[in-house]
């Protein structure tokens, strides 16, 4: 029987944690909490990128995804709804609903939570350790990396969908 006693869990040094940070397709990602930290309940990532770095429209079949804009502006589309999100805006993208976004400001810093955890593994597999807590140099994602992402997507319950007509 539960006694109502809570548990305090801490997750290292957060944003300053280079050992938990990766460069992923033009993004600096820091894993603030992963499934191992949260008993699989959720993963929380800080993601930073610049204008023009836009993921394709996609669906998560296993988890809900929540975006919280810390700095900058972006436009998020979830299903048939689109919102201009500025610092302080939170957007919920439920599982099985297509979503995408564009970066409107020169740079954006967002917190992304997926629940349950698991999707963070995709980003870990498709990235390289960040050598510093800075954005990677601007560059096109190589076709070989795109092929790798497409091949890994089903493993993590992701589906890339064509753009809306």
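Taken together, the values in this text are just the output of simple stated rules run on the coordinates, not laboratory data. Source: prediction; values computed, not measured. Cβ atoms come from the backbone with ideal geometry, glycine included; neighbour counts cover every protein chain shown.
Structure above, values below:
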{"quantity": "Among 142, 55, 154: highest mean-square fluctuation, GNM of the chain, C-alpha pairs under 10 Å", "calculated": "142"}
{"quantity": "Extension gain, residue 36 back to residue 18 (0.36 nm per residue minus Cα-Cα distance, nm)", "calculated": "4.7 nm"}
{"quantity": "Potential lengthening between residue 57 and residue 143 on full extension [0.36 nm per residue; Cα-Cα distance subtracted]", "calculated": "29.2 nm"}
{"quantity": "Over the chain, relative contact order from alpha-carbon pairs under 8 Å, at least 6 apart, %", "calculated": "29"}
{"quantity": "GNM result for the chain, Cα springs below 10 Å: residue of 46, 125, 71 fluctuating most strongly", "calculated": "125"}
{"quantity": "Shape metrics for the stretch 47-138, restricted to C-alpha atoms - Rg then Dmax, Å", "calculated": "13.1, 39"}
{"quantity": "Nearest-0.05 FRET efficiency for residue 104 and residue 132, computed from C-beta distance (R0 22 Å)", "calculated": "0.30"}
{"quantity": "Among 124, 107, 147, residue whose mean-square fluctuation peaks in a GNM of the chain (springs only between Cα atoms under 10 Å)", "calculated": "147"}
